[in-house]
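The values are calculated or read from the model by the stated rules, or taken from the named source; none is laboratory data. Since the model is a prediction, treat every value here as computed from it, not as a measurement. Using ideal geometry, Cβ is built from the backbone for each residue, glycine included, and neighbour counts are taken over all protein chains shown.
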Amino acid sequence: MAWASRTGLPPPRARRRRPTPSCGLAPQDAPASTMMDRPGTHPVILFDGHCGLCNASIRFVLRHEAEPLFRFAPLQSTWAGTQAPDGLDVQQLSTVYLLDADGVHARSEAALRIARHLRAPWRWIAICLIIPRPIRDAVYRVVGRFRYALFGRSAYCAVATPAVQQRFLATDRREQERR
């Protein structure tokens, strides 16, 4: 029996699903040629490339950002070791960093500034910036301390499309050595 005749309502709109690559990243619509037109003008997220939570967070940002803005580099990468601003400790793997026009941001400050560039409702999380930084960072440090136990370790997964691959400034040092 047809939907309309059973309920008296029009049929629900079919939900189109985006194709999901093996890593769970949705393809980005922006053409690759415009992604890196002006290097250095895009915020860079530095993350632990072997942390399951960190990798899931990067995939989340890729799926939910309002426009393709961020560039990404694992803290273990050559790029992070050579291009990171002076004073940034790339050996501190329990911290996510955001490098943007306003400077270097770490821990909860970085995470919430990243959230500002996501689509709604995710961007609303940035309201937590009103919470004093010591309180936010205390919660961040607890999660950071137990992230491997809770979310495991993982080798960073392959990126879905060439457009997304271009947004990664570097790969893990071990991966580069294998090439």
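Would segment 52-63 turn up any residue that is buried (at least 22 other Cβ atoms within 10 Å of the Cβ) and touching a Cys at 6+ places or on another chain (Cβ under 7 Å)? For segment 52-63, residues buried (at least 22 other Cβ atoms within 10 Å of the Cβ) and touching a Cys at 6+ places or on another chain (Cβ under 7 Å): present.
Residues in segment 149-179 that are of a type in the set (A, V, I, L, M) and either at pLDDT 85 or above or within 16 Å of Leu46 (Cβ to Cβ) (or both): Ala149, Leu150, Val164, Leu169, Ala170. Residue count for segment 80-118 under the criterion of being among the basic types (Lys, Arg) and either in contact with a strand residue (DSSP E or B) (Cβ under 7 Å, 6 or more places away or on another chain) or buried (at least 17 other Cβ atoms within 10 Å of the Cβ) (or both): the result is 2.
For segment 56-73, the tally of residues that are touching a Phe, Trp or Tyr at 6+ places or on another chain (Cβ under 6 Å) and in contact (Cβ under 8 Å) with a residue 60 or more places away in the chain stands at 2. Considering segment 45-89, the residues that are in contact with a helix residue (DSSP H, G or I) (Cβ under 9 Å, 6 or more places away or on another chain) and of a type in the set (Val, Ile, Thr) include one that is nearest to Ala170 (Cα to Cα), namely Thr78.
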